[in-house]
Amino acid sequence: MSEGERTTIDKSESSSFEDLASAAAHEIEEAKLADAASAKIDKKEEKPQEEWQDVLGSGALLKKIIEQGDEANGERPQRSDICRISYELRLQDDPKNIIEKRDNLKIYLGDNEILQGLDLALTLMYRGEACLLRIAPRFAYGDSGLKPGESLGLVGEVDSPKYDGEAIGPETWLEASLKLHDWTEESEHETLPIAERMEIGIRRRCRGNWWYGRGESQLAVQLYRRALDVLDESEGGISDPTASGDLEPASEALHALLEERLRVHNNMAAAQLKAGAYEAALQAVSRVLTCQPQNAKALYRKSRILTAMGRNSEALEAARAAAALAPSDIGVRKELSKCEQKATRDRSVEKKLAKRMLGTAGQSKPEPEKKPSRAKMFIWSSLLLSFLVGVASVLVYRYKMQSE
């Protein structure tokens, strides 16, 4: 092959290679443009979901995302995390009727410091996410509803504002706007100063009282237990009571912490009694009386608990002690009267049982035989004589007839 031919072939091969490279580059460029266009389309499609999601699968809690959250690491808040949220509650059929509105509120997730529907939705939200909710009555104000003048039970407020809107019935659905700003993990209680522990304990007790007032005893007990978690004794803190029932000297702050703990135990006993957990209720009220044996409210509740358990004699003893400490309390007087009536009935039953066991029940003294009176004897004699005369007359008549 001549040099010229080889050059021509090289040029031809080079030209073909350049053509292929150019075509490949063109295809790559077109692919990049297509990817960019697709990315633009994807970005346009990255808008808030318009579909309602059935959170629980029962239709009782519906959610629509209106602002996407940070899903990069897939993190969501966990139970007991401190969440910072904003929300607005309103009637679904009347969105202008706003029930509650809170901004940048800190709540403990899972503690039912807000309505259950909001609490449940937060567990499925990402940081920065905002959504609309439709909440069934079961996860809103329940069978009790909400009447004008009733407390809203807003967490963090000891004297919660009253509801001033239209009455909310037991079948009323709510609509809510909810945003999860961020959250942090709950701190170890032992690391918190006493003042902060007091604040947390009081807010949980107040919210528990609100649930108790609405007949939700189980939710109330949950809040009271969470309050006791943070109000529990710390190392080097409150000591056990002395033999006299008085506390050993401690700081004023620790005394206040103890008083709050006992208040929570007392309230929890009432909620557990209402829920039918009698043994747990008795334990709670006994803790109060261990430190405060002269606590009339605790003695009153102990009497009610013992009555429910059928321990009437012990209940009467507790009721008498409560009445001695609070003689003007109407509730205590009624409880004492009930216990005394039951004690009277119990004694009557015991006497009857004793008679039956001794075989004397239903037996009476034999009555002496009564002699018949003279008047009755005369009547019976006359009747008998008349009968005999009649028989004799019949016999004479038959005899005469046979003789003829």
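The values are calculated or read from the model by the stated rules, or taken from the named source; none is laboratory data. Bear in mind that the values here come from a model prediction, so they are computed numbers and not experimental data. Neighbour counts run over all protein chains shown; Cβ positions are idealised from the backbone, glycine included. Accessible surface areas use protein heavy atoms only, side chains included; no ligands, DNA or RNA. Shrake-Rupley method; radii C 1.70, N 1.55, O 1.52, S 1.80 Å.
The rows are residues; the columns are (1) open to solvent by 30 Å² or more (accessible area, probe 1.4 Å); (2) touching a helix residue (DSSP H, G or I) at 6+ places or on another chain (Cβ under 6 Å); (3) closer than 30 Å to ALA256 by Cα; (4) modelled with pLDDT under 95.
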position	(1), (2), (3), (4)
ARG301	yes, yes, yes, no
ALA318	no, yes, yes, no
ALA322	no, yes, yes, no
LYS338	yes, no, no, yes
ARG345	yes, no, no, yes
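For region 186-200, a tally of residues being surrounded by 13 or more Cβ atoms within 10 Å (Cβ to Cβ) and either within 25 Å of the chain's Cα centre (by Cα) or assigned to a helix (DSSP H, G or I) (or both) returns 8. Working carefully through the options LEU336, LEU282, LEU316, LEU289, find the one that is under 26 Å from the mean Cα position of the chain (by Cα), farther than 26 Å from GLU216 by Cβ and either part of a helix (DSSP H, G or I) or among the aliphatic types (A, V, I, L, M) (or both). Selected residue: LEU289, the only one of LEU336, LEU282, LEU316, LEU289 that is under 26 Å from the mean Cα position of the chain (by Cα), farther than 26 Å from GLU216 by Cβ and either part of a helix (DSSP H, G or I) or among the aliphatic types (A, V, I, L, M) (or both). Being touching a Ser or Thr at 6+ places or on another chain (Cβ under 8 Å) and farther than 15 Å from THR344 by Cα is the filter here, so list the residues in region 294-318 that pass it. LYS302, ALA318, listed by residue number. Considered as a group, the residues in region 162-185 that are outside any strand (DSSP E or B) and open to solvent by less than 50 Å² (accessible area, probe 1.4 Å) include one that is farthest from ASN112 (Cα to Cα), and that residue is GLY165. Of all residues in region 96-112, those satisfying the criterion of being charged (D, E, K, R) and in a strand (DSSP E or B) are GLU100, LYS101, ARG102, ASP103, LYS106.
Residue check: LEU122 meets all listed conditions (1) surrounded by fewer than 17 Cβ atoms within 10 Å (Cβ to Cβ); (2) of a type in the set (A, V, I, L, M); (3) within 23 Å of LEU223 (Cα to Cα) but one, namely (1). Taking the criterion of being in contact with a helix residue (DSSP H, G or I) (Cβ under 8 Å, 6 or more places away or on another chain) and modelled with pLDDT of 95 or more, would at least one residue in region 182-190 satisfy it? The answer is no; no qualifying residue exists.
Report yes if GLY362 is out of contact with any strand residue (DSSP E or B) (no Cβ under 6 Å at 6 or more places or on another chain), of a type in the set (Gly, Ala, Ser), modelled with pLDDT under 80 and in a helix (DSSP H, G or I), otherwise no. So GLY362 does not fit the description; no.
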